Amino acid sequence: MTGPGLTIGVWSPGTVGKRIIHALLKCRDFFEFQELIVFKHRPDIEYRSVMRMMECQGAVFAFEKHQRSEFAKMGITSKYEYDEALGLVDILIDCSTEGVPIAHKPDYERRAPQCRAFVCQGAEEDRGFGKGLLIYGVNEGAFDFERDRWIQIGSCNTHAGSFLLRAIAFPKNEHSETVETGLLDASFHFIRRSLDLNQKSKAVISTEVS
């Protein structure tokens with residue numbers, strides 16, 4: 001779906017978004033896109049160093065018109081206004097928290113008719129963003145990436161659980177043939193930290209290096 005001359009937009013450079021942005025910029029020669037536009041809604045001071053790093057790596061920013069001066073006070077300038085950037089992107093990846101991508105969808109439909117693909121990450125409960133969930137390595141064959149414009153990608157936990165379920169229910173035999181075990185029901189219990197390190201809360205039950 002990517003290719004020479006394409007413009008990619010990433011909304012919300014937070015826990016997931018900043019890693020996607022970093023990966024895209026690191027692999028720029030492979031994807032051969034023309035420009036990576038990062039959309040940020042609020043001028044949070046704690047993101048200043050992250051955004052400066054993105055800028056040094058080649059990303060450009062798009063802010064809403066009334067927020068540009070506030071970002072400028074942080075030393076972060078934008079190449080585009082929000083509406084202008086939406087009219088340029090060929091692939092838009094929305095990494096906002098649950099519920100926000102669906103709220104953005106009418107805006108995207110109206111202001112980005114040229115966009116080839118809209119991608120949302122995470123497990124939206126009502127699955128209202130698009131065709132999903134895409135679990136790479138498990139069900140990508142159910143998607144037509146030339147026609148399916150609205151794609152929702154399963155979370156990291158959904159991917160992990162799906163791979164385990166596939167390994168148990170549809171293992172490979174010695175001839176690399178898929179075998180059905182007849183599994184009808186399964187229950188998974190995930191043990192993980194309570195929050196990601198950059199989430200603000202009273203406690204972070206995981207190792208933190210400062």
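The values are calculated or read from the model by the stated rules, or taken from the named source; none is laboratory data. Because the structure is a prediction, the values reported are computed rather than measured. A quick note on method: Cβ atoms are made from the backbone with ideal geometry, for glycine too, and the neighbour counts reach across all protein chains shown. With ligands, DNA and RNA removed, areas are computed over all heavy atoms of the protein, side chains included. Shrake-Rupley method; radii C 1.70, N 1.55, O 1.52, S 1.80 Å.
Inspect all residues belonging to region 122-136 and state whether any of them is open to solvent by 80 Å² or more (accessible area, probe 1.4 Å) and within 30 Å of Gly5 (Cβ to Cβ).
Among the residues of region 122-136, at least one is open to solvent by 80 Å² or more (accessible area, probe 1.4 Å) and within 30 Å of Gly5 (Cβ to Cβ), which makes the answer yes.
Going through (1) in contact (Cβ under 8 Å) with a residue 24 or more places away in the chain; (2) closer than 19 Å to Glu98 by Cβ; (3) not hydrophobic (A, V, I, L, M, F, W, C) one by one, Arg19 falls short only on (1).
Just so you know, in region 158-172 the residues that are free of Cβ contacts under 8 Å to residues at least 24 places away in the same chain and part of a helix (DSSP H, G or I) include one that is most open to solvent (accessible area, probe 1.4 Å), and it is Ile168.
Tyr136 passes every criterion in (1) in a loop (DSSP other than H, G, I, E, B); (2) in contact with a Pro (Cβ under 9 Å, 6 or more places away or on another chain) apart from (2).
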